[in-house]
Amino acid sequence: MVTLRRLGSTALILQTDYARGTKDGDILETDEITPAVSAALLALGGKGTALAQRHNLYVEILGAAFPFFPEAPLWHPLARFDPPLIHFRVEVLDVLDVVIAKLPRLHGTDQKDIAEMVRRGLIDPQRLLERFRSAVGRWAMDARADELPRVVRNFHRVQRGELLVDESEIDLPAWVGGE
């Protein structure tokens, strides 16, 4: 059985009452998603396939190093399929971790997704801060560390604009623009 780890807006849709249109269903690349499994998934439901056209949703596989995640991302099993899945197990990224993963980009749809999670009472500001600091620590040692000042600014926008709390101090190493 292969575990499909769903992230992005698809993860929000699958674990909350949130509904919005999306064109791609992101799956995180894992050790179980071998090149053969990846090729089979994309051949079945990738962009341009009959299945994707029928449902207006295609499968996209994201590299494991790509997302802005806390040190230990939280995954929740999803078991509500009718008929039940036989060859796959589906896990969805925790709502807080989805919000954190959206911070580097923070486009219009990302902002809307975050606002809707806040409106539903699913974002505890203190817990979000803890998870965010963990993600910053993970990326501080990464080749993308120079992106962290922008990500922190985006986090502060969410704190001020959506959560209506004061900006938190986020320590960054000096080599990435920290004090």
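Brief remarks on what is shown
- Dipole magnitude of the range 58-159, debye to nearest 20 (Cβ charges: Lys/Arg +1, Asp/Glu -1, about Cα centre): 300 debye
- For the range 42-103, the convex hull spanned by the alpha carbon atoms encloses 130 Å³ per residue.
- Apolar share of the accessible surface for the range 53-109: 60 percent from carbon plus sulfur atoms, 1.4 Å probe.
- Oblate is the label for the range 1-69, because a/c, from the alpha-carbon gyration tensor with a ≥ b ≥ c as root eigenvalues, is 1.5 or above and a/b does not exceed b/c.
- Remark: the chain carries 55 Å² of accessible area per residue (probe radius 1.4 Å; ligands, DNA and RNA excluded).
- Between residue 49 and residue 164, the contour length at 0.36 nm per residue exceeds the alpha carbon distance by 37.1 nm.
- Projecting the alpha carbon convex hull of the range 104-160 along each direction and taking the average yields 3.9 nm².
- Of all stretches in the chain that contain no trypsin sites (Lys or Arg not before Pro) in a DSSP loop with at most 16 other Cβ atoms within 10 Å, the longest one is 145-179.
- Each 10 Å bin from zero up to the one holding the largest Cα-Cα distance in the range 1-156 carries the following percent of pairs: 10, 38, 36, 15, 1.
The values are calculated or read from the model by the stated rules, or taken from the named source; none is laboratory data. None of these values were measured; they are calculated from a predicted model. A quick note on method: Cβ atoms are made from the backbone with ideal geometry, for glycine too, and the neighbour counts reach across all protein chains shown. Side chains included, ligands, DNA and RNA excluded: accessible areas come from the protein's heavy atoms. Shrake-Rupley method; radii C 1.70, N 1.55, O 1.52, S 1.80 Å.
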